[in-house]
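Here is the structure we will look at.
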Amino acid sequence: MPKPYRHALCLYPYRRELPKVGFFPPLGLEYIAAALKPYARKIDIVDLRKDRSHEPFIRPETGLVCVSCNWHHEEKKYAEIINSLPAEPTVIVGGRHATMNADRFIDEIPRIDILVRGDGEEIIREIAEGVPLEKIDGITWRKNGRAVYNRPRDYGEVDNDIVPDRGLRRHRYTMQIGDVDLGIPIDLIAMTRGCPYRCKFCTFARNEHSTPRPFTARPPESIIRELRDVEARVLVAADDNFTHDLDRLESVCDALIDSRLNKMLIVNGRSDIAKRPRVVRKMHDAGVRAIYIGVESARDETLEYYGKGITTETFRRRMEVLRKVKIWYHGTFIIGAPGEGEEGMLEIADYSHELGLDSIGVSRLRCPKNTPLYDELAGKPGFHVADDGKVHSDEFPRGRLKKIQNEILRRFYTPRQILKIADKVLYNKIVPLRFYLELFALPARFAVRKLISPR
């Protein structure tokens with residue numbers, strides 16, 4: 001088959017990205033590169049977190065530039081990069097942030113030729129094969145200077161034949177804590193897509209216009225084939241909800257155990273895995289060393305408002321089961337919901353200790369335009385939704401929420417909790433001594449922050 005592109009460039013345009021996860025490889029672009037491989041003689045992936053500039057990779061033969069825009073920050077900078085691209089190549093932009101802001105991107109970044117809304121592997125192949133643009137669902141494109149918005153795309157099963165092209169990497173990706181590079185190779189893997197649950201604040205289970213993204217999963221043998229070619233021992237699952245479908249989860253764990261690959265996995269999941277203690281034990285035996293669980297609140301009324309479908313007492317009972325298996329349990333919480341007072345927010349620290357969580361993260365409520373909460377809060381008196389979707393109110397402005405967030409973390413990360421974390425990390429043999437040095441510096445950091453922060 002003739003290859004229509006002599007050279008294609010896949011560009012990750014962020015310089016800093018998110019400090020907590022900015023050390024991960026650009027997995028989405030590697031999927032796009034894999035889908036493009038039959039159609040391009042040469043493909044380069046440029047990651048501006050590690051490359052000084054994309055310009056040396058723009059060549060006379062470059063016929064296609066694909067840009068991944070997943071996050072709201074640095075938007076002005078990467079808009080300038082996109083608009084500065086030469087006129088010859090076709091410029092295709094995709095990613096979560098681009099999908100959720102498609103109309104604005106098309107209006108404000110005139111160099112975009114095609115904007116992909118949602119998953120991009122099938123779409124990029126159709127474009128490369130020369131399918132007329134008006135027949136490709138899930139894109140916004142330009143025709144005679146006007147934006148044309150095609151119908152949303154219906155997504156089916158994951159294509160198990162496409163895996164990220166890690167062979168195009170020119171850099172090493174290692175685990176970091178803050179500015180400390182631990183030197184541990186790390187990678188991402190996507191084993192499922194979508195989530196069957198419908199939490200009101202969540203964007204990850206939805207595509208454009210609040211369209212639910214159906215849950216689809218790869219079979220165990222496909223996952224094992226990919227893992228055999230992954231150099232890193234520590235992998236983070238990019239799945240929205242890896243633990244959904246306990247029968248499938250058990251079969252994946254069995255395959256991982258039988259493979260003897262000895263990988264360490266960090267996954268997102270829900271507490272309902274406690275319904276099958278046998279599966280939780282298998283998860284540990286299969287290499288799962290940490291589970292991120294969305295707890296969200298210490299108050300039942302807030303959980304009901306979010307549509308979580310669970311109570312605080314149910315969380316307590318389930319965590320009693322989960323704690324019997326020495327996996328690291330990280331709970332994520334949200335503050336700033338309507339009707340939630342400061343006292344209820346501060347209860348998160350004590351409640352997290354009750355649950356036996358090893359670590360927690362606390363974030364402000366976000367409701368981007370594609371979430372059910374947006375229409376409710378965007379017009380609610382006294383509430384304000386920023387461009388990035390973050391919510392604050394007249395009662396709880398940004399500065400006050402930040403102080404509450406810091407106070408929750410200060411109350412949770414006691415010296416005893418730090419020792420518990422160190423014990424869990426040591427037991428699972430994940431990281432070297434430098435991690436402990438950084439870890440034990442955390443209480444001092446919170447103490448200094450407490451002293452210098454105005455009351």
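Which condition breaks for Phe333 when tested against (1) surrounded by fewer than 21 Cβ atoms within 10 Å (Cβ to Cβ); (2) among the aromatic types (Phe, Trp, Tyr); (3) in contact with a helix residue (DSSP H, G or I) (Cβ under 9 Å, 6 or more places away or on another chain)? Going through the list (1) surrounded by fewer than 21 Cβ atoms within 10 Å (Cβ to Cβ); (2) among the aromatic types (Phe, Trp, Tyr); (3) in contact with a helix residue (DSSP H, G or I) (Cβ under 9 Å, 6 or more places away or on another chain), Phe333 breaks only (1). Going by the conditions given, is Leu303 free of Cβ contacts under 8 Å to residues at least 12 places away in the same chain and in contact with a strand residue (DSSP E or B) (Cβ under 8 Å, 6 or more places away or on another chain)? Against the criterion (free of Cβ contacts under 8 Å to residues at least 12 places away in the same chain and in contact with a strand residue (DSSP E or B) (Cβ under 8 Å, 6 or more places away or on another chain)), Leu303 qualifies. Evaluation of Cys66 against the conditions (1) free of Cβ contacts under 8 Å to residues at least 40 places away in the same chain; (2) closer than 17 Å to Ile112 by Cα shows that the sole unmet condition is (1). Only strands (runs of 3 or more DSSP E) whose full extent lies in segment 129-201 are considered here, and the ones with at least 1 residues that are more than 21 Å from Val93 (Cα to Cα) are 174-177, 180-189. Residue selection: Val46 satisfies the criterion of being over 20 Å from Met100 (Cβ atoms), out of contact with any Asp or Glu (no Cβ under 9 Å at 6 or more places or on another chain), not assigned by TED's automatic domain parsing to the domain that holds Ala190 and not in a helix (DSSP H, G or I).
Considered as a group, the residues in segment 126-145 that are modelled with pLDDT under 95 and of a type in the set (Lys, Arg) include one that is nearest to Asn101 (Cα to Cα), and that residue is Arg142. Every condition in (1) surrounded by fewer than 21 Cβ atoms within 10 Å (Cβ to Cβ); (2) modelled with pLDDT of 95 or more is met by Ser297 except one, and the failing one is (1).
Within segment 70-112, the residues that satisfy the criterion of being in contact with a helix residue (DSSP H, G or I) (Cβ under 8 Å, 6 or more places away or on another chain) and part of a helix (DSSP H, G or I) are Glu75, Ala79, His97, Ala98, Thr99, Met100, Ala102, Phe105, Glu108. Of the residues Ala386, Ala349, Ala378, the single one that is of a type in the set (A, V, I, L, M, F, W, C) and farther than 30 Å from Gly118 by Cα is Ala349.
Look at Ala378 and say whether it is surrounded by fewer than 17 Cβ atoms within 10 Å (Cβ to Cβ), hydrophobic (A, V, I, L, M, F, W, C) and touching a strand residue (DSSP E or B) at 6+ places or on another chain (Cβ under 7 Å). Judged against the criteria, Ala378 is a match.
The values are calculated or read from the model by the stated rules, or taken from the named source; none is laboratory data. Note that the coordinates shown come from a computational prediction; the quantities given were computed from them, not determined experimentally. Note: ideal-geometry Cβ built from the backbone for every residue, glycine included; neighbour counts use all protein chains shown.
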